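Encoded as structure tokens, the structure appears first; notes follow it.
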Amino acid sequence: MNWKTNSETNNAGFNIYRSTSANGPWTTKVNKSIIPVCPVCLLVGGDYSQADTSAAPGQKYYYRLESVETSGATQFDSRVPSAQIATSAPTATT
């Protein structure tokens, strides 16, 4: 999965969740720990990428990006579509 940010003020990082349905549930967390923001990207944004190494070959997945604020508050990010279809490779990415 790839995504780009414009600004990361008050953002501690990201989590990625997957589902086998476009409507969720979003119960499988792809990353083991929070994906931290780029320290030099706080004001200008950055480019990110995360592989889904536990994806099953041939399975279609949908992903949602969750932003984690420095306060601990979380929200699913509207900048990334909630239905991103992964490739069928064992290490599926979108």
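Being open to solvent by 20 Å² or more (accessible area, probe 1.4 Å) and at pLDDT below 85 is true for just one of Asn10, Asn6. Which residue is that? Before you say what the answer is, go through the steps one by one.
Working: Asn10 fails: at pLDDT below 85.
Among Asn10, Asn6, only Asn6 is open to solvent by 20 Å² or more (accessible area, probe 1.4 Å) and at pLDDT below 85.
Give segment 24-51 a look and list any residue that's within 16 Å of Lys4 (Cβ to Cβ), part of a strand (DSSP E or B) and among the β-branched types (Val, Ile, Thr), or say none.
Of everything in segment 24-51, just one residue is within 16 Å of Lys4 (Cβ to Cβ), part of a strand (DSSP E or B) and among the β-branched types (Val, Ile, Thr), namely Ile35.
Working only within segment 1-18, note down all residues that are of a type outside the set (Gly, Ala, Ser), in a strand (DSSP E or B) and more than 12 Å from the chain's Cα centre (by Cα). Please lay out each step first, then the result.
Taking segment 1-18 as the starting set, the residues that turn out to be of a type outside the set (Gly, Ala, Ser) are 1-6, 8-11, 14-18.
Those still in the list that are in a strand (DSSP E or B) too: 2-4, 11, 14-18.
Residue satisfying the conditions is Asn11 alone.
Run down Ser21, Ser54, Ser82 and say which single residue is open to solvent by 30 Å² or more (accessible area, probe 1.4 Å), at pLDDT below 90, outside any strand (DSSP E or B) and closer than 16 Å to Asn2 by Cα. Walk me through it before giving the result.
Working: Ser21 fails: closer than 16 Å to Asn2 by Cα; Ser54 fails: closer than 16 Å to Asn2 by Cα.
It is Ser82.
Given the conditions (1) modelled with pLDDT of 85 or more; (2) over 14 Å from Lys4 (Cβ atoms), which single one is not true for Ala92?
(1)
Need pairs with beta-carbon distance below 6 Å; first residue free of Cβ contacts under 8 Å to residues at least 40 places away in the same chain and within segment 18-35, second crowded, with 17+ Cβ neighbours inside 10 Å and among the acidic types (Asp, Glu); sequence gap 6+ or separate chains.
Val30/Asp52
Against the conditions (1) in contact with a strand residue (DSSP E or B) (Cβ under 8 Å, 6 or more places away or on another chain); (2) open to solvent by 40 Å² or more (accessible area, probe 1.4 Å), where does Gly46 fall short? Just the number, please.
Here Gly46 clears every test but (2).
The values are calculated or read from the model by the stated rules, or taken from the named source; none is laboratory data. If you're wondering where the values come from, they're calculated on a predicted model, not measured in any experiment. Ideal geometry is used to build each Cβ from the backbone, glycine not excepted, and the neighbour counts take in all protein chains shown. Accessible surface areas use protein heavy atoms only, side chains included; no ligands, DNA or RNA. Shrake-Rupley method; radii C 1.70, N 1.55, O 1.52, S 1.80 Å.
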